Amino acid sequence: MGRYIWLIGENLGQTANNNSYYFWRNSVEHEDDIDKYLILEKNKKNQEVYRSLPESCKKFIVWRDTVKHLKLFVKADMFFVTLSYRDIIPEKVMGKKLDLSIEKPVIYLQHGTLAMKVLGYNGRSYNNNFFRFVYYNKLVAPIFQEINDFKPYQMYYGEYHPRYIELVKRFKEYKPQNKRILWFLTWREYLGDNLPTKILLKKIKNVITDPDLIDYLDKTSTDLVLCVHKFFDEEKIKELRGESVSEHIIFEHAADVDVMDELVKCSMLITDYSSVGFDVTLLNKPVILFQPDIENYLKKRQLYCQLEELGEYNITKTRRLVEAIVNEDYGVNPFFRSRMPENIDYDYILNGKHIERMYQDFAKIQRHKITFIGYNFYGIGGTVFATRSLAEALLEKGYLVQLLSLKKNQKPKNMPYALNLYPLYDANRRSPLNLFKRHFYRRKKLFSYLKYDKDIVNLKPYAGYKLTKWLETTNSETVISTRESLHLFLNDAQSDMVKNKIYFFHCPVEIFESVFPNILDELNRCDIGKAVFVTETNRQKYIEDFGFKNYNKHIVLGNCLESSRSVSREEILPVGEKENNEPYRGIYLLRISSDRQTDIENLVGYGRYLRDNGISNIVIDVYGTGDYVDEFIDKLIDEDLTDYICYQGSTANGPREIRNHDAVVDFSLNHSFGMPYIEGVMNGKMVFCEKNQGSKEVMAGIPDAYIQSYEDLTRKILGLPEITGEQLQENYDTISKTYSREALADHFLKFLDQ
């Protein structure tokens, strides 16, 4: 039985005292199908931790930058980090520097509880592998998504930090001694040899030398521990030490103390922008927010909260801080408390139930991983867009989804967030490893079933060899083949982790034999349990033309759009009247090839109609490529149609161009799956089209969609201002009922469970 591998790390592997460590320490106790490895630097403190562990845990400690670390990094299924991806990535092995990238899903456990400081990550960080951001502030999710551009499905509410299990344990065991005030100073981006830094240090000096404060500390035997962030300049700290006139003022560096111990020992905390305010609030202790440099701080950093709200709970004047300390005018800070669970359950934390919940959720996600295999998910085209759309729909349902591409020939663009994209080989990269793959694995028999694919000329034999090997060992529960030649590979897959094999028939019957020559006999010998078709018409044509019905169960699953390829319902606006003789511009997305002669002639015919009738306020912009482009352009020029039919070249972003036009116009007689019509309506436009296979299944419920004649089309385009936003929204709703991502995901998942 196969096993999953998780790599877990924090603080470049230098520590074993933060969220990643406690997540690992509690989850490693599970003897299940997941091997959970902790990456540690082999320093003195970590070796002490290692010696304290039971033998059953020691085997899951991996010393950083070793050969074993590198091997596990390559084989790992998921990464868990506290600060950044560098927590788990090997940077050198056997003295050689490595330049590795993140190609697996990342769970970001993070270090603090977001409230103030804006982080630099966004939803596409880590090569688009930022799978889950774990947050612990129940109010922050909406503004975090807005500022950092994360999708809702990338957010995971963790309730309490994993490290809180240790914080609460120490707090319960601690016996209070003398009163102790902890002043924790965090890092500022502006710190350096500059005026703002001098002003800040002077204000700190004013506090620690204030006679009233000194008198209070001495009379009450209260210690004031000034603990600065590990990045603080030690020379600056020496200057402050020299100003101290009381033995009760103690200076510490965060790198030299056990911060958790300091939080437990303190009677009250003074902090500025640090998340330690949450840690102390968890223990029901007072916190003073002292932010004397708020204006300078905000020049370099944004906040997740409103400045007005912060002003209700912070102190900015040094004298006011001294008065609050001396008069003991402080309590549990409402700013921090409002962002934590209403009822803090210490037993729940002590028993590690918050960690257990987190572990079980991520383990479930891991075990139900879904992989799509395809030819080239880095390119463009109907199958690529349809697959990515369904993948995004499954991501929105909480699934871990991967696209496994036979090859990579360019950088991915506009991918759904957190969609793991992995190529079997990079067609453009000329690294020694890639060159080795191409030259060593060059025997044609390694192509295997790719010999039934017309695009074999654009592949290397390594693709067939690697796909076979990958399917022998994959740990995806569900594997979906999106190309008919790849169905044969999937049918032979022997991995015991694969529970669901799904065969997606994307190819229109009309071109099936030219795209996959001689493949039918092979498909007929396969054991196809579950098949998916884009339209019922295409499924029936497989039966009528080829007698092909070699599957036990099937569904018809139409296309949907990625979130980046459509607008929200609220964004839809009517066209409005044109001014200054500005024309109405329709868009036609067309494959301009010799096999589309009838469609091209229909378009040219409409250009002639506009020209001959002197209609100058309608223009059709055409986007597309193919083997007939030059002849098409010559025809437009020869017949003086360029004022009416404008060839605009190719586009990799059809929906964007649709949004920049007034309507979608389509003269195609052989659209099999209706994607242009879905794109048009879901981007808030009227679609005018011929009645064909795709339009009959997609557009049947949309009023006035079908073109009756050139005259009819002209009347409809000129009447666009009469179509209200409400009507366009109703069209949007009609299409959404069947072709929204949510609808298709629900339909697919129900089929998966059968």
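The values are calculated or read from the model by the stated rules, or taken from the named source; none is laboratory data. All figures in this text were calculated on a predicted structure; none of them were measured in a lab. Here Cβ is always computed from backbone atoms with ideal geometry, including for glycine, and neighbour counts include all displayed protein chains.
Figures for the structure shown
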| quantity | calculated |
| --- | --- |
| Entirely in the stretch 330-373, the helices (runs of 4 or more DSSP H) that have 2 or more residues that are touching a Pro at 6+ places or on another chain (Cβ under 8 Å) and modelled with pLDDT of 95 or more | 353-367 |
| Unmet requirement for Tyr584, which otherwise passes all of (1) outside the structural domain of Gly624 (by TED's automatic domain parsing); (2) at pLDDT 95 or above; (3) more than 28 Å from Ala743 (Cβ to Cβ) | (1) |
| Scope the stretch 63-92; condition without any contact (Cβ under 8 Å) to a residue 40 or more places away in the chain, under 13 Å from Leu40 (Cβ atoms) and under 28 Å from the mean Cα position of the chain (by Cα); matching residues | Asp65, His69, Pro90 |
| Those helices (runs of 4 or more DSSP H) lying entirely in the stretch 33-130 with at least 2 residues at positive phi | 125-128 |
| Residue check, Asp545 farther than 26 Å from Gln708 by Cβ and in a helix (DSSP H, G or I) | yes |
| Test result for Asp212, touching a His at 6+ places or on another chain (Cβ under 7 Å), assigned to a helix (DSSP H, G or I) and at pLDDT 90 or above | no |
| Evaluation of Gly398 against (1) surrounded by fewer than 21 Cβ atoms within 10 Å (Cβ to Cβ); (2) in contact with a helix residue (DSSP H, G or I) (Cβ under 9 Å, 6 or more places away or on another chain); (3) part of a helix (DSSP H, G or I) (one fails), failing number | (3) |
| Conditions (1) more than 42 Å from the chain's Cα centre (by Cα); (2) modelled with pLDDT under 90; (3) under 30 Å from Val168 (Cβ atoms); number of the one not met by Thr222 | (2) |
| Leading residue by the ranking (surrounded by the most Cβ atoms within 10 Å (Cβ to Cβ)) among those in the stretch 402-449 that are outside any strand (DSSP E or B), touching a residue at least 40 places away in the same chain (Cβ under 8 Å) and hydrophobic (A, V, I, L, M, F, W, C) | Leu406 |
| Filter result (in a helix (DSSP H, G or I) and within 14 Å of Gly529 (Cα to Cα)) within the stretch 478-487 | His487 |
| Failed item, numbered, when Asn538 is tested on (1) touching an Asp or Glu at 6+ places or on another chain (Cβ under 8 Å); (2) closer than 25 Å to Ser740 by Cα; (3) assigned by TED's automatic domain parsing to the domain that holds Leu419 | (1) |
| Identity of the residue in the stretch 288-300, surrounded by fewer than 16 Cβ atoms within 10 Å (Cβ to Cβ) and under 30 Å from the mean Cα position of the chain (by Cα), that ends up nearest to Ala115 (Cα to Cα) | Leu298 |
| Qualifying residue in the stretch 330-348 (condition: under 30 Å from Phe504 (Cβ atoms), touching a His at 6+ places or on another chain (Cβ under 8 Å) and of a type outside the set (A, V, I, L, M, F, W, C)) | no |
| Residues satisfying the stated conditions in the stretch 401-423, i.e. closer than 24 Å to Thr651 by Cβ and of a type in the set (A, V, I, L, M, F, W, C) | Leu403, Met415, Leu419, Leu421 |
| Considering residues of the stretch 694-748 that are free of Cβ contacts under 8 Å to residues at least 60 places away in the same chain, surrounded by fewer than 18 Cβ atoms within 10 Å (Cβ to Cβ) and touching a helix residue (DSSP H, G or I) at 6+ places or on another chain (Cβ under 7 Å) only, the residue nearest to Ile555 (Cα to Cα) | Lys737 |
| Residue satisfying all of: in the stretch 652-674; touching a strand residue (DSSP E or B) at 6+ places or on another chain (Cβ under 9 Å) and not in a loop (DSSP other than H, G, I, E, B); surrounded by the fewest Cβ atoms within 10 Å (Cβ to Cβ) among these | Glu657 |
| Members of the stretch 590-611 found to be hydrophobic (A, V, I, L, M, F, W, C) and part of a helix (DSSP H, G or I), listed by number | Ile600, Leu603, Val604, Leu610 |
| Those residues of the stretch 20-45 which are touching a residue at least 40 places away in the same chain (Cβ under 8 Å), aromatic (Phe, Trp, Tyr) and closer than 24 Å to Glu91 by Cβ, in sequence order | Tyr21, Phe23, Trp24 |
| Considering residues of the stretch 611-645 that are within 20 Å of Met686 (Cα to Cα) and out of contact with any Ser or Thr (no Cβ under 7 Å at 6 or more places or on another chain) only, the residue surrounded by the fewest Cβ atoms within 10 Å (Cβ to Cβ) | Asn617 |
| Hey, Gly614 part of a loop (DSSP other than H, G, I, E, B) and among the small types (Gly, Ala, Ser) or not | yes |
| Residue match in the stretch 385-392 (condition: small (Gly, Ala, Ser), crowded, with 19+ Cβ neighbours inside 10 Å and outside any helix (DSSP H, G or I)) | no |
| Members of the stretch 629-651 found to be in a loop (DSSP other than H, G, I, E, B), within 20 Å of Tyr710 (Cβ to Cβ) and among the hydroxyl-bearing types (Ser, Thr, Tyr), listed by number | Thr642, Tyr644 |
| Filter result for Gly626 (more than 24 Å from Asn731 (Cβ to Cβ), assigned to a loop (DSSP other than H, G, I, E, B) and in contact with a Lys or Arg (Cβ under 8 Å, 6 or more places away or on another chain)) | yes |
| Options Val604, Val629, Val567, Val619: the member that is of a type outside the set (Gly, Ala, Ser) and over 17 Å from Ile645 (Cβ atoms) | Val567 |
| Single condition Leu182 does not satisfy, out of (1) out of contact with any strand residue (DSSP E or B) (no Cβ under 8 Å at 6 or more places or on another chain); (2) in a strand (DSSP E or B); (3) not β-branched (Val, Ile, Thr) | (1) |
| Pair list, Cβ under 9 Å, 6 or more apart: the stretch 629-650 residue in the same structural domain as Arg591 (by TED's automatic domain parsing), other residue among the hydroxyl-bearing types (Ser, Thr, Tyr) and assigned to a helix (DSSP H, G or I) | Glu631/Ser594; Tyr644/Tyr606; Tyr644/Tyr609; Ile645/Tyr606 |
| Positions within the stretch 93-105 being under 20 Å from the mean Cα position of the chain (by Cα) and at pLDDT below 95, in sequence order | Leu100, Ser101, Ile102, Glu103 |
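Residues checked against (1) free of Cβ contacts under 8 Å to residues at least 24 places away in the same chain; (2) in a helix (DSSP H, G or I); (3) farther than 19 Å from Phe377 by Cβ:
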{"site": "Asp455", "(1), (2), (3)": "no, yes, no"}
{"site": "Ser476", "(1), (2), (3)": "no, no, no"}
{"site": "Phe489", "(1), (2), (3)": "no, yes, no"}
{"site": "Asp496", "(1), (2), (3)": "no, no, yes"}
{"site": "Glu513", "(1), (2), (3)": "yes, yes, yes"}
{"site": "Asp521", "(1), (2), (3)": "yes, yes, yes"}
{"site": "Ile528", "(1), (2), (3)": "no, no, yes"}
